[in-house]
Amino acid sequence: MPDNLELPVAVIGAGPGGLAAAAHLLERGLTPVIFEAGDTPAAAVKAWGHIRLFSPWRYNTDAAARRLLDGTGWQEPDPEALPTGTELLEQYLLPLAAAPAIANALRTSHRVIAVTRAGMDKTRSHRREETPFLVRVLDGTGAITDHHVRAVIDASGTWNTPNPLGQAGLPAPGEAEATAAGFITAPLPDVTGRDRARFAGKHVLVVGAGHSAANTLLALGDLDAQEPGTRISWAIRGSSASSIYGGGDLDGLPARGDLGTRLRALVEAGSIELHTSFTITGFKSADTLAVLGATPDGEAQLDVDLLIPSTGFRPDLDMLRELRLDLDPAVEAPRELGPLIDPEFHSCGTVEPHGAKLLSHPEQDFYITGMKSYGRAPTFLMATGYEQVRSIAAALAGDRTAADNVELVLPETGVCSTDLGGSCDTPATTATGTDEGSCCAAPEPAFLGIPTGLAHGRSVEQEN
Ligand SMILES: Cc1cc2nc3c(=O)[nH]c(=O)nc-3n(C[C@H](O)[C@H](O)[C@H](O)COP(=O)(O)OP(=O)(O)OC[C@H]3O[C@@H](n4cnc5c(N)ncnc54)[C@H](O)[C@@H]3O)c2cc1C
């Protein structure tokens, strides 16, 4: 077994968080090895590339990454512009991944399937902290290899693990078969662009009452206007969609009010068939998909060609089964972070600046960072993640002072533009929820869900 300190640090995922982690590790003289499941860096951002971000460029790039890119002829984008996911990828993440120091460390088409300690399961304690981690990886050829590393930063996001569609957090009977048969799509498909042919002229059901559902429904409305024969249904578990419609003209945030007004108009015109109080109880896959539901009037059935899930995401904890984690029991974020971001209690992010200390687990030198660090709460911001990984890299390099001196520099008003804002995640020291210009100024009702760049929001997408 090699000396622990000579081993590399594994970074799981080459999204914004993982690539920034690698840049900070390199600055600290540590050696990253980055495993990315997709065949390109930032495969998750690529999947939602058609969505415009709500935070401008100035909050979307990491300081160590910028320093690394500065030597490569990289042109920093206009700090005030709002990029799409594709622009974020092409103008920042791909150049960063191609910088020689990162490119040498990056393994695309390498999916981490398990993390443990070499030669030890979860129950073994003797000299555990000195024992290297074992990271088991499945590559694009189907080969499985084990890698020994001195520390692990899990920045694998939540994009690949959407919440199931059935009730009580469980998949409904037939859900796996319906997904395998292609009836249930990935979240946030590009229905008017890349994926247009798949949806044109089809009966499409959107499930969920959050921000993503609203944006997907409006995009389907545009498709319907151009492709007659397209039929749109929308199922929500609640008894009314009024909270999603927002305050219309009276809404404190015009973009959100406009979004809700447009959605309501489509429903009232009959372009979208809304099914309220609809709890999915099962699926039957045949030529079309039968979606079975329980409603106050008894059992119901919707026959559709495609279903777009908009019910939020959850972290994949299966691959971490052999590690000693300390997670908030509700949100599945690191225990101390959970109460700060629990969407059931926080209409507006009041996240204290945090780094390695708050993100640590009983498993020494293991960290969950980025989107995955927020567990089931969807209000995460890249800027928060960049500070997380700066602090984690400092901790791994033994610089406790820098690790503990958390330097989150989000503005009082949050990081969203007042026109297209989508998140309320601001530091606790500044977020008052009363500033009229702030993302947090929105009166009830507010949109719930992962921000998709078109409206203001807070978040419980799983509440569909
Ligand atoms: C539609 C949308 C819009 C958003 N808009 C904004 C915004 O405007 N501003 C903002 O600050 N935040 C925004 N966010 C939130 C968040 O900042 C982004 O999701 C961001 O991409 C999170 O970065 P990440 O690196 O933590 O995770 P991801 O970007 O999800 O990256 C994780 C990476 O890990 C890889 N991976 C997954 N599992 C494995 C595995 N087992 N092994 C190896 N690799 C794996 C994935 O392929 C992926 O490339 C938005 C999110 C969404 C979904």
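The values are calculated or read from the model by the stated rules, or taken from the named source; none is laboratory data. Given the structure is predicted, the values throughout are model-derived calculations rather than measurements. Here the Cβ positions follow ideal geometry from the backbone for every residue, glycine too, while neighbour counts run over all protein chains shown. Protein only, heavy atoms only, side chains kept; ligands, DNA and RNA dropped before computing areas. Shrake-Rupley method; radii C 1.70, N 1.55, O 1.52, S 1.80 Å.
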If I filter the range 202-214 for residues that are free of Cβ contacts under 8 Å to residues at least 60 places away in the same chain, under 21 Å from His50 (Cα atoms) and of a type outside the set (Phe, Trp, Tyr), do I get at least one hit?
no
Keeping to the range 15-44, report how many residues are in a loop (DSSP other than H, G, I, E, B) and under 15 Å from the mean Cα position of the chain (by Cα).
2
When the range 349-391 is examined, which residues are found to be more than 8 Å from the ligand (Cβ to nearest atom), among the charged types (D, E, K, R) and either crowded, with 21+ Cβ neighbours inside 10 Å or not in a helix (DSSP H, G or I) (or both)?
Glu352, Glu363, Asp365, Arg376, Glu387, Arg390
Reported set for the range 151-174 where residues are part of a loop (DSSP other than H, G, I, E, B), surrounded by fewer than 21 Cβ atoms within 10 Å (Cβ to Cβ) and more than 16 Å from the ligand (Cβ to nearest atom) is Pro164, Gly166, Leu170, Pro171, Ala172, Pro173
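Results for (1) among the hydroxyl-bearing types (Ser, Thr, Tyr); (2) touching a residue at least 60 places away in the same chain (Cβ under 8 Å); (3) in contact with a strand residue (DSSP E or B) (Cβ under 6 Å, 6 or more places away or on another chain); (4) under 30 Å from Thr311 (Cβ atoms), shown as yes or no for each residue.
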{"site": "Leu96", "(1), (2), (3), (4)": "no, yes, no, no"}
{"site": "Arg111", "(1), (2), (3), (4)": "no, yes, yes, yes"}
{"site": "Phe133", "(1), (2), (3), (4)": "no, yes, yes, no"}
{"site": "Asn160", "(1), (2), (3), (4)": "no, yes, no, yes"}
Among residues of the range 124-141, those that are assigned to a loop (DSSP other than H, G, I, E, B) and open to solvent by 50 Å² or more (accessible area, probe 1.4 Å), counted:
6
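Hey, can you tell me all the residues within the range 17-27 that are hydrophobic (A, V, I, L, M, F, W, C), within 9 Å of the ligand (Cβ to nearest atom) and open to solvent by 10 Å² or more (accessible area, probe 1.4 Å)?
None - no residue of the range 17-27 is hydrophobic (A, V, I, L, M, F, W, C), within 9 Å of the ligand (Cβ to nearest atom) and open to solvent by 10 Å² or more (accessible area, probe 1.4 Å), so the list stays empty.
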Matching residues in the range 399-414 (at pLDDT 85 or above and either part of a helix (DSSP H, G or I) or within 25 Å of Trp57 (Cα to Cα) (or both)) number 6
Check whether at least one residue in the range 28-41 is near the ligand (Cβ under 6 Å from one of its atoms), under 16 Å from Thr86 (Cα atoms), open to solvent by 10 Å² or more (accessible area, probe 1.4 Å) and in contact (Cβ under 8 Å) with a residue 40 or more places away in the chain, and report yes or no.
yes
Could you give every pair whose Cβ atoms fall below 6 Å, whose first residue belongs to the range 79-92 and is over 9 Å from Arg52 (Cα atoms) and in the same structural domain as Ala44 (by TED's automatic domain parsing), and whose second residue is buried (at least 17 other Cβ atoms within 10 Å of the Cβ) and aromatic (Phe, Trp, Tyr), counting only separations of at least 6 or pairs across chains?
Pro79/Trp57; Ala81/Trp57
Scope the range 262-293; condition in contact with a Lys or Arg (Cβ under 8 Å, 6 or more places away or on another chain), hydroxyl-bearing (Ser, Thr, Tyr) and either closer than 14 Å to Leu217 by Cβ or in a strand (DSSP E or B) (or both); matching residues:
Thr279
Options Gly433, Gly437, Gly421: the member that is touching a Phe, Trp or Tyr at 6+ places or on another chain (Cβ under 7 Å) and modelled with pLDDT under 70
Gly421
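This table checks each residue for (1) at pLDDT 95 or above; (2) more than 30 Å from Gly398 (Cα to Cα); (3) among the basic types (Lys, Arg).
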site	(1), (2), (3)
His275	yes, yes, no
Thr281	yes, yes, no
Leu289	yes, yes, no
Leu302	yes, yes, no
Pro315	yes, no, no
Asp342	no, yes, no
Gly355	no, no, no
Residue count, the range 190-240 (criterion: open to solvent by less than 20 Å² (accessible area, probe 1.4 Å) and over 24 Å from Thr281 (Cα atoms))
8
Within the range 45-67, of all residues that are open to solvent by 40 Å² or more (accessible area, probe 1.4 Å) and not in a loop (DSSP other than H, G, I, E, B), the one nearest to the ligand (Cβ to nearest atom) is Tyr59
When you scan the range 118-137, do you find a residue that is away from the ligand (no atom under 16 Å from the Cβ) and closer than 20 Å to Val45 by Cα, even just one?
no
Test result for Leu88, within 9 Å of the ligand (Cβ to nearest atom) and either open to solvent by 40 Å² or more (accessible area, probe 1.4 Å) or in contact with a helix residue (DSSP H, G or I) (Cβ under 7 Å, 6 or more places away or on another chain) (or both):
yes
